[in-house]
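Let me begin by presenting the structure, written as structure tokens, before commenting on it.
Quick note: the coordinates plus some simple rules give every number you see, no bench work behind them. Because the structure is predicted, anything quoted here is derived from the model rather than measured. Please note: Cβ atoms are built from the backbone with ideal geometry, for glycine as well, and neighbour counts cover all protein chains shown.
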Ligand SMILES: [Zn+2]
């Protein structure tokens, strides 16, 4: 069941709340996710609320440029990305490592072979 969690970048400029389920976390081995160590939970835009920091976000895109990887321009931490699911629905990918209300590693990620996609 999704629960409301809060999270932020390291310096706190970017903060958010998201209704998410820690049972569906994935880690991906693509050239981007693997380097950043992202552990991602996917939610609909309605389940995501950016509470501060829209103006502090820088973006990075690559490959098909369908996903905006958004990171804090001050501390460099990526809290989330905005993009689309394969069927075209908008989604937000939360980096659960930036959640501030759970213990570290209180989730288990499934490994996804994004490198081969
Ligand atoms: Zn920051």
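Name the single residue that is farthest from the ligand (Cβ to nearest atom) among those in the stretch 1-57 being under 18 Å from residue 106 (Cα atoms) and assigned to a loop (DSSP other than H, G, I, E, B).
Checking each candidate, the answer is 1.
Yes or no, residue by residue, for (1) surrounded by 15 or more Cβ atoms within 10 Å (Cβ to Cβ); (2) out of contact with any helix residue (DSSP H, G or I) (no Cβ under 6 Å at 6 or more places or on another chain):
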| residue | (1), (2) |
| --- | --- |
| 23 | no, yes |
| 31 | no, yes |
| 39 | yes, no |
| 45 | no, yes |
| 72 | yes, no |
| 86 | no, yes |
| 93 | yes, yes |
| 103 | no, yes |
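Quick one: residue 67 ticks every box in (1) under 16 Å from residue 99 (Cβ atoms); (2) crowded, with 18+ Cβ neighbours inside 10 Å except a single one, so which number is it?
Looking at each condition in turn, residue 67 falls short on (1).
Out of the stretch 105-117, which residues are surrounded by 12 or more Cβ atoms within 10 Å (Cβ to Cβ) and in a loop (DSSP other than H, G, I, E, B)?
Listed by number, the residues that qualify are 107, 109.
Checking residue 98 against (1) surrounded by 15 or more Cβ atoms within 10 Å (Cβ to Cβ); (2) closer than 23 Å to residue 114 by Cβ; (3) more than 16 Å from the ligand (Cβ to nearest atom), only one condition comes out false. Which one?
(3)
Quick check on the stretch 54-71. Is at least one of its residues over 18 Å from residue 83 (Cβ atoms), free of Cβ contacts under 8 Å to residues at least 40 places away in the same chain and in contact with a strand residue (DSSP E or B) (Cβ under 8 Å, 6 or more places away or on another chain)?
Keep residues of the stretch 54-71 that are over 18 Å from residue 83 (Cβ atoms), which gives 55-56.
Checking the rest, the ones that are also free of Cβ contacts under 8 Å to residues at least 40 places away in the same chain come to 55.
Those left that are additionally in contact with a strand residue (DSSP E or B) (Cβ under 8 Å, 6 or more places away or on another chain): none.
Scanning the stretch 54-71 turns up no residue that is over 18 Å from residue 83 (Cβ atoms), free of Cβ contacts under 8 Å to residues at least 40 places away in the same chain and in contact with a strand residue (DSSP E or B) (Cβ under 8 Å, 6 or more places away or on another chain).
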